[in-house]
Amino acid sequence: MKTIYQTLLFTLALAALTSANAAEPNAKLSGSVASANFQDCADCPEMVMIPTGSFDMGSNDGQDNEKPIHHVTFTKPFAMSKTEITQKQWRVIMGNEPSRFFNCGGDCPVEQVSWNDAQAFIHKLNLKTGKQYRLPSEAEWEYAARAGSTTPYPWGAQASHEYANYGDECCTGLAQGRDKWTDTAPVGSFPDR
């Protein structure tokens, strides 16, 4: 699956789920994969239950690290944050602001964070909630992002500013269509495909 990004953004997954949070075992993915949403605290990310299922991961037409296409099955539902972690959520949990794009305020996704920074955020969130948040695996992320699609992008075969925020072919922002932001867009700006 092709990925559109300008800066490192991250989402969270929950390692263990209770039956109270579990989605219907064989719920079908569609549009937005939401089947049950929950939040562990007022400052915590909104989590979406991702149902069990299978998909073909990767691309034979893409980068070498996307090959070969292989079948992946999830036998247990998992939860993933509905959006990227916001700058506001980061500030509340971490007490600092690493981001350089402020054009959409606290609803901007946090960026300029390393894997180690993300791990520190998760550690503090786990202490606050008593839960076991973690980064999603590549397979979990792709399964949730695809939402049942088989095309290179969740909405079709071509990149589109109607469905995503991304720059030009090199290094600058580009606002077109529904993408009104040359830098980062507020999280949740493209909820449908």
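Some notes on this structure:
- Here the stretch 121-169 and the stretch 62-109 have alpha carbon centers that stand 6 Å from each other.
- Cα gyration tensor, the stretch 97-193 - rounded (a/c under 1.5), prolate or oblate: oblate
- Solvent exposure ordering (accessible area, 1.4 Å, most first) of CYS44, CYS171: CYS171, CYS44
- Cα gyration tensor shape of the stretch 113-169, rounded if a/c is under 1.5, else prolate or oblate by comparing a/b with b/c: prolate
- For the stretch 82-193, the relative contact order works out to 24 percent when only alpha carbon pairs closer than 8 Å and six or more residues apart are counted.
- For ASP43, neighbours were defined as the other residues whose beta-carbon sits under 12 Å from its Cβ, and their charges (Lys and Arg +1, Asp and Glu -1) total +2.
- Other-chain or far-sequence residues with amide H under 5 Å of PHE74's (modelled H): GLY53, SER54
- Each residue of the stretch 38-50 is assigned a 3J(HN,Hα), and the resulting list reads 7, 9, 7, 7, 4, 9, 7, x, 6, 9, 10, 6, 9 Hz, derived from the Karplus form 6.51 cos²θ - 1.76 cosθ + 1.60 (θ = phi - 60°), x at Gly and Pro.
- Aspartates and glutamates whose Cα lies under 14 Å from that of LYS128, excluding same-chain neighbours fewer than 8 positions away: ASP40, ASP43
- Highest mean packing comes first when the peptides 112-123, 180-191 are listed by Cβ atoms within 10 Å, giving 180-191, 112-123.
The values are calculated or read from the model by the stated rules, or taken from the named source; none is laboratory data. Small disclaimer: the values here were computed from a predicted structure and weren't measured. Neighbour counts run over all protein chains shown; Cβ positions are idealised from the backbone, glycine included. For the accessible areas, the whole protein counts, side chains as well, though only heavy atoms, and no ligand, DNA or RNA atoms are used. Shrake-Rupley method; radii C 1.70, N 1.55, O 1.52, S 1.80 Å.
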